[in-house]
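The values are calculated or read from the model by the stated rules, or taken from the named source; none is laboratory data. Source: prediction; values computed, not measured. FYI the Cβ positions are ideal-geometry reconstructions off the backbone, even for glycines, and counts take in every protein chain you see.
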Amino acid sequence: MVTISHADLVFAIALASIAGMLFKPLGSPSWLWPALGALALVVCGLLPAGHALEALAAGQDVYCFLVGMMVLAELGRAEGFFDWLASHATRLAHGSATRLFFLIYALGSLVTVFLSNDATAVVLTPAVAAVIRAAKIKEPLPYLYICAFIANAASFVLPISNPANLVIYGAHMPALVQWLSLYFLASMASIAATFIVLFVSQRHALKQAVASEIEFARLTPAGFRVGLGIGATAIVLLAASASGHALGASTLLLAGIVYLWVAVRGQTSPLTFMRRISWSILILVAGLFVLVRSIEDAGGAERIVNAMGTHLSDDPTGVVWLMGGALAYACNLLNNLPLGLIAGRIAGSSHLSPSAIAAVVAGIDIGPNLSVTGSLATILWLQALKREGLEISAFAFLKLGALIMPAALVPALGAILVSAR
């Protein structure tokens with residue numbers, strides 16, 4: 001008779017929940033499966049209710065950060081700020097497909113760095129799609145690919161560039177100066193390598209004609225206020241990061257202030273605006289926190305640490321390459337957000353060096369550029385494309401990602417080793 005252990009049941013429910021989130025059987029929403037999995041763990045007695053509540057509370061900084069960024073992103077979309085930026089980039093291209101490619105890539109980098117990779121996927125993608133239609137571009141894929149790949153490639157320039165960064169470090173987020181000293185060179189290597197491979201792979205499509213005279217999106221007073229608010233938020237968050245303060249509460253507070261400033265003379269009711277926010281993302285993330293806590297309680301983190309082997313502590317270079325490479329590929333099987341939570345627990349329990357933890361961040365952030373299941377940002381990008389009537393197959397993305405992801409990961413990990421010295 002086969003006996004199934006407590007840990008095996010926990011792992012089976014957690015993996016099934018994550019698989020459901022990624023593959024959405026019968027067209028079910030992604031958030032449903034982590035929520036059902038978390039509930040099943042508690043109801044079946046596999047996770048004490050107190051531990052589940054502790055896991056939910058542990059994610060409060062991430063919830064606040066996500067809500068704040070979603071509010072800012074929706075304000076930018078609703079008031080036409082991002083449409084204005086994208087159309088301005090098209091005007092600057094002067095009919096050159098190559099120049100337009102570069103300008104959209106630069107714009108995507110800025111949005112990712114200062115508003116997070118999810119904002120790039122949700123907000124910039126429809127703005128770029130609108131510009132492509134206005135510019136009468138026959139092959140839109142090179143420009144739309146930018147929104148997906150830069151969202152991950154540039155997502156560790158700053159701590160605020162990716163919610164996964166917050167879950168990996170938790171309450172031990174390094175100050176901004178420390179972050180930049182370790183990640184700046186690596187992130188620049190990731191951004192540059194991604195650009196080169198993406199540009200070379202799409203160079204034939206970039207010979208197409210681009211209309212230079214398009215209808216220029218007008219920046220309304222409300223849109224101008226949104227732009228100022230986003231800029232002020234970025235400055236304040238940089239200051240908060242530099243002083244070691246939690247980013248979630250600051251992000252939510254600033255987003256609320258910007259919303260009130262913009263909405264005073266706005267035409268959209270608060271209820272209508274709030275309905276546009278993807279609140280289901282919070283349910284998804286909260287469920288993942290509970291699932292990861294159950295894996296941790298069942299000894300999952302300890303198993304992974306033991307599998308790494310104690311000999312790696314004597315080989316810091318080997319740890320960087322192993323951790324970064326393994327996690328980069330693994331997050332395409334489990335998604336980078338739950339894997340980031342697990343990796344954060346491992347980093348906290350195994351006394352990894354700063355360079356090894358940096359390799360974890362690089363792997364978790366760059367790795368999703370391999371497949372469409374790698375990150376929440378890529379999943380949101382696919383949904384944004386679908387709303388625009390566009391489809392990109394998982395295989396087409398994988399073929400391109402197989403070139404881009406390793407080409408960015410290798411120099412990024414090498415740069416981390418250089419920076420650590």
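Could you grab me the full set of residues in region 306-326 that are of a type in the set (V, I, T), surrounded by fewer than 17 Cβ atoms within 10 Å (Cβ to Cβ) and at pLDDT 60 or above? Even if it seems obvious, please write down each step before you answer.
Going residue by residue through region 306-326, those that are of a type in the set (V, I, T) are 310, 317, 319-320.
If we keep only those that are surrounded by fewer than 17 Cβ atoms within 10 Å (Cβ to Cβ) too, we end up with 310, 317.
T317, the sole residue that qualifies.
Answer yes or no: is there a residue in region 5-17 that is closer than 30 Å to F273 by Cα and either out of contact with any Phe, Trp or Tyr (no Cβ under 6 Å at 6 or more places or on another chain) or in a helix (DSSP H, G or I) (or both). Outline the logic, then answer.
Within region 5-17, the subset closer than 30 Å to F273 by Cα is none.
Within region 5-17 (the criterion being closer than 30 Å to F273 by Cα and either out of contact with any Phe, Trp or Tyr (no Cβ under 6 Å at 6 or more places or on another chain) or in a helix (DSSP H, G or I) (or both)), the answer is no, since none of the residues qualifies.
Quick grid of which residues meet (1) within 18 Å of K386 (Cα to Cα); (2) surrounded by fewer than 24 Cβ atoms within 10 Å (Cβ to Cβ); (3) within 20 Å of the chain's Cα centre (by Cα):
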{"position": "L39", "(1), (2), (3)": "no, yes, no"}
{"position": "H51", "(1), (2), (3)": "no, yes, no"}
{"position": "Q60", "(1), (2), (3)": "no, yes, yes"}
{"position": "V67", "(1), (2), (3)": "no, yes, yes"}
{"position": "S87", "(1), (2), (3)": "no, yes, no"}
{"position": "R99", "(1), (2), (3)": "no, yes, no"}
{"position": "N117", "(1), (2), (3)": "no, no, yes"}
{"position": "I137", "(1), (2), (3)": "no, yes, no"}
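Given (1) out of contact with any Gly (no Cβ under 7 Å at 6 or more places or on another chain); (2) surrounded by 16 or more Cβ atoms within 10 Å (Cβ to Cβ); (3) closer than 17 Å to L176 by Cα, identify the lone condition not met by H245.
Condition not satisfied by H245: (2).
Identify the single condition in (1) more than 18 Å from the chain's Cα centre (by Cα); (2) surrounded by fewer than 21 Cβ atoms within 10 Å (Cβ to Cβ) that E79 does not satisfy, given that it satisfies every other one.
(2)
Considering only residues of region 383-400 that are part of a helix (DSSP H, G or I) and in contact (Cβ under 8 Å) with a residue 40 or more places away in the chain, which is nearest to N162 (Cα to Cα)?
Start the filter on region 383-400 by keeping residues that are part of a helix (DSSP H, G or I), which leaves 383-387, 394-400.
If we keep only those that are in contact (Cβ under 8 Å) with a residue 40 or more places away in the chain too, we end up with 384-385, 387, 397, 400.
Numbers: A384: 18, L385: 21, R387: 24, F397: 21, L400: 22 Å.
The extreme case among them is A384.
Quick one: in region 220-238, of everything that is in contact (Cβ under 8 Å) with a residue 40 or more places away in the chain and of a type in the set (A, V, I, L, M), which residue is surrounded by the fewest Cβ atoms within 10 Å (Cβ to Cβ)?
L238
Being out of contact with any His (no Cβ under 6 Å at 6 or more places or on another chain), touching a residue at least 60 places away in the same chain (Cβ under 8 Å) and surrounded by fewer than 14 Cβ atoms within 10 Å (Cβ to Cβ) narrows it down to one residue among P29, P25; which is it?
On the way: P25 fails: touching a residue at least 60 places away in the same chain (Cβ under 8 Å).
Matching residue, one of P29, P25: P29.
N332 fails exactly one of the following numbered conditions: (1) more than 24 Å from L380 (Cα to Cα); (2) at pLDDT 80 or above. What is the number of that condition?
Tallying (1) more than 24 Å from L380 (Cα to Cα); (2) at pLDDT 80 or above, N332 fails exactly one: (1).
Please list, ordered by residue number, the helices (runs of 4 or more DSSP H) wholly in region 29-124 having 1 or more residues that are out of contact with any strand residue (DSSP E or B) (no Cβ under 8 Å at 6 or more places or on another chain), among the acidic types (D, E) and at pLDDT 85 or above. If you could, list the steps in order and put the result at the bottom.
On the way: elements: 32-43, 49-58, 60-78, 81-93, 97-115.
Of the helices (runs of 4 or more DSSP H) lying wholly inside region 29-124, those with at least 1 residues that are out of contact with any strand residue (DSSP E or B) (no Cβ under 8 Å at 6 or more places or on another chain), among the acidic types (D, E) and at pLDDT 85 or above span 49-58.
Among the residues of region 326-369, count how many are out of contact with any Gly (no Cβ under 8 Å at 6 or more places or on another chain), of a type in the set (S, T, N, Q) and in a helix (DSSP H, G or I).
So the count comes out to 2.
Read through the list (1) touching a Leu at 6+ places or on another chain (Cβ under 8 Å); (2) modelled with pLDDT of 85 or more; (3) more than 15 Å from A298 (Cβ to Cβ), then give the number of the only condition that S17 fails.
The failed condition is (3).
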